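One structure is given here, and the rest of the page talks about it.
The values are calculated or read from the model by the stated rules, or taken from the named source; none is laboratory data. What you see is a predicted model, and the numbers here were worked out from it, not measured in a lab. With ideal geometry, Cβ positions are generated from the backbone for all residues, glycine too; neighbour counts draw on all protein chains shown. The protein model used for the area step is the full one, side chains on, heavy atoms only, and it has no ligands, DNA or RNA in it. Shrake-Rupley method; radii C 1.70, N 1.55, O 1.52, S 1.80 Å.
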Amino acid sequence: MKKWLAVSLLTIVVAIISACSMLQGTQEREAGVGKEIALTVQHEQQELEQKINKVNESVELGMSKVFSNLMSLKLPQGLELESNETSNSKFVYTDNHKKVKLELRHDPEQPVTDAGIDGARLKMKAILEHDSEGEKLEWLKNETMLVHRKHIAVIEVIMPSQKGDTYRLLGWAELDGALLEISFSAPVDEKDSWQKPVVEMIESIQM
């Protein structure tokens, strides 16, 4: 009889221990799932906050989005969009007197890589020298810059003309696998008013 009771008690103790282990394992699994869900929610909240901060930063800096939001940049103040000359692949901005002009062009039919941008700069310099017809060009900048991890080739030059010398800034970059062209021109006597804002525009570009 005593032996039977001992066996029964032992069986009951084993059953209790087993039940406790199962309960503990279930609780641990539930805690693990809960932790994973919490981490996922936290990660999504962080991503949302980063997107909101980026939008707010763009608004604060006066950034404009172009080319179906593929690119954003800080446009110089004093330029207005000419709606009758724009499309999703070309934007034209001018001042009130139509003396200053900024063109942004994205050409999907001209594929290019980020690594090939510096070559475009060298070709354009040669084209400008050829088109000057012997007139001496004043080179202000001729380099390829790294802007927000993208290469942007930039040429700043003063081009002589019988109608009046012109300050020009030309830029090229790769946008969504195709060529992005930037062209700015202003009378040379207005260079000091526009040069800094236009260079800041180039430095603000995000793609």
- Message: What's the total number of residues in the range 90-107 that are surrounded by 15 or more Cβ atoms within 10 Å (Cβ to Cβ) and in a loop (DSSP other than H, G, I, E, B)?
- Response: 2
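When you look at Gln110, is it of a type in the set (S, T, N, Q), under 27 Å from the mean Cα position of the chain (by Cα) and crowded, with 16+ Cβ neighbours inside 10 Å, yes or no?
Answer is no for this residue.
Mind telling me which of the residues Asp107, Asp192 ends up being out of contact with any His (no Cβ under 6 Å at 6 or more places or on another chain), of a type in the set (Asp, Glu) and closer than 25 Å to Leu70 by Cβ?
Asp107
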- Item | Positions within the range 113-126 being among the hydrophobic types (A, V, I, L, M, F, W, C) and either open to solvent by less than 80 Å² (accessible area, probe 1.4 Å) or in contact (Cβ under 8 Å) with a residue 40 or more places away in the chain (or both), in sequence order | Ile117, Ala120, Met124, Ala126
- May I ask you to verify whether Lys141 is among the charged types (D, E, K, R) and closer than 19 Å to Pro197 by Cβ? yes
- Message: Just to be sure I understand the filter: pairs with C-beta atoms under 6 Å, separated by 6 or more residues or on different chains, first member in the range 67-83 and part of a loop (DSSP other than H, G, I, E, B), second member at pLDDT 95 or above and open to solvent by 70 Å² or more (accessible area, probe 1.4 Å). Which pairs pass?
- Response: Leu70/Asp176
